[in-house]
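What follows is calculated from the coordinates using simple rules that are stated; it is not laboratory data. Values in this document were obtained by computation on a predicted structure and should not be read as measured data. Using ideal geometry, Cβ is built from the backbone for each residue, glycine included, and neighbour counts are taken over all protein chains shown.
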Number of protein chains: 2
Amino acid sequence: MTDYMLQALTKAKDAARQGEVPVGAVIVDRVSGEVIAAAANRCEQDHDPSAHAEIVVIRAACKAKGDVRLFDCDMYVTLEPCAMCAAAISFARIKNLYFGAYDPKGGGVEHGAQFYNQSTCHHAPDVYGGINEQECGDLLREFFQKLR
Amino acid sequence: MTDYMLQALTKAKDAARQGEVPVGAVIVDRVSGEVIAAAANRCEQDHDPSAHAEIVVIRAACKAKGDVRLFDCDMYVTLEPCAMCAAAISFARIKNLYFGAYDPKGGGVEHGAQFYNQSTCHHAPDVYGGINEQECGDLLREFFQKLR
């Protein structure tokens, strides 16, 4: 497992303990290898339907860099981004997107809107899906099983 | 012009004066008719690529209501939402979406991702486009002409 995806998974596990859907994300500076920000889904605790892990980590990384764009940065996230997050990743100019589990029901990269394939998408990251897919997906499946 | 779209336009004009792309949005309680929140695009000033008017106004309305969902609420926004915002509007459970100018280059409702037509969309608002289209579009055209 990549160290970066491991950090994203650790964030996702923290989220689960707080009753949040367990998705975690980190943003890495491609030059230094440094993790600029790490975050998890916070929709419930923040009363914010836009507070998916990807949006929260983009906001934190932009704040850390004092810029609205994250040039030369990669994102690692434990679940395929939805259309909202796929577009936000595009706007932030993320270079490479590494995601864990595929999301046929809600994904917007390989499924549904397939945002990066649209003519309305003006920057598409290089996408690598299925990274540590089993562990990322198991965490989500366990979380939703406990809710039933 | 509807009073609500006028309020969204006023917010958009405020944004232009601050160098932000002039898009404004308001969220209205369908029962009381009260404006719960009004906001404009704040991407540059907040260093936040997700801070489109729709996302900012959803965050503010959710905070005001102390809920992650905005049941029985409508949104008025001066521009066709992008895919990011279209999905956020879905997650927030907005009932009716009224938008001003169509956005063939970046829209995600009638163009591109057409998010509400996807199987990965689990709540679609009723959509009314082209409300006060001329004035909403003129504001954007003037803003971008001045930048050249």
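In this structure, the amide hydrogen of A:Ala101, modeled 1.01 Å from its nitrogen in the peptide plane, lies closer than 5 angstrom to those of A:Leu79, A:Glu80, A:Gly137, counting only residues at least 5 positions away or on a different chain.
Using only side-chain charges placed at the Cβ, +1 for Lys and Arg and -1 for Asp and Glu, the dipole size of segment A:1-94 relative to its Cα centre rounds to 120 debye.
Backbone phi angles across segment A:97-104, fed through the Karplus curve with coefficients 6.51, -1.76 and 1.60 (θ = phi - 60°), yield HN-Hα couplings of 10, 10, 10, x, 6, 6, 10, x Hz in residue order; Gly and Pro are listed as x. The aspartates and glutamates within cross-link reach of A:Lys105, meaning a Cα-to-Cα straight distance under 13 Å and a gap of 8 or more places when in the same chain, are A:Glu80. Placing a label point 7 Å from Cα along the Cα-to-Cβ direction at A:Asp138 gives distances to the equivalent points in the other copies of 6.2 nm, listed shortest first. Taking the label point 7 Å along Cα→Cβ, A:Asp126 and its counterparts in the other copies are spaced 4.8 nm apart, in ascending order.
The charge dipole of segment B:32-148, taken about the Cα centre with unit charges on the Cβ atoms of Lys, Arg (+1) and Asp, Glu (-1), comes to about 300 debye, rounded to the nearest 20.
A:Ala64 label point (Cα plus 7 Å toward Cβ) to equivalent points in the other copies: 3.4 nm, shortest first.
For segment B:24-38, the Karplus equation 6.51 cos²θ - 1.76 cosθ + 1.60, evaluated at θ = phi - 60°, returns couplings of x, 8, 10, 10, 10, 6, 5, 7, 8, x, 6, 7, 7, 7, 9 Hz by residue, with Gly and Pro reported as x. Other protein chain C-beta atoms within 10 Å of residue C-beta, averaged over A:86-99: 4.
Axis between A and B by rotation; chain A residue with nearest Cβ and distance in whole Å recorded as A:Ala113, 2. Taking the fewest neighbouring Cβ atoms within 10 Å as the starting point, the ordered list for A:Leu70, A:Leu147 is A:Leu147, A:Leu70. Amide H to amide H, with H built 1.01 Å from N, A:Cys73 comes under 5 Å of A:Arg30, A:Lys95, counting only residues 5 or more places away or on other chains. Would you kindly give the portion of the calculated P(r) for chain A that falls above 23 Å, as a percent of all Cα pairs? For chain A, the fraction of Cα-Cα distances above 23 Å is 27 percent. Take each residue in B:50-62, count the other chain C-beta atoms within 10 Å of its C-beta, and the mean is 4. Using C-alpha pairs under 8 Å with a sequence gap of at least 6, the mean separation divided by the residue count of chain B gives a relative contact order of 20 percent.
Using a cut-off of 21 Å between Cα atoms, the listed pairs B:Lys11/B:Lys146; A:Lys13/B:Lys65; B:Lys11/B:Lys63 include A:Lys13/B:Lys65 as exceeding that distance. Converting phi to 3J(HN,Hα) with the Karplus coefficients 6.51, -1.76 and 1.60 and the offset θ = phi - 60°, segment B:105-120 yields 7, x, x, x, 9, 8, 10, x, 4, 6, 3, 6, 8, 8, 5, 7 Hz in sequence order, with x at every glycine or proline. About its Cα centre, segment A:87-148 has a charge dipole of approximately 220 debye under the convention of +1 per Lys or Arg Cβ and -1 per Asp or Glu Cβ, with nothing else charged. Summarising the amide proton neighbourhood of A:Ile36: residues at separation of 5 or more, or on other chains, whose placed amide H is nearer than 5 Å comprise A:Ile27, A:Val28, A:Asp29.
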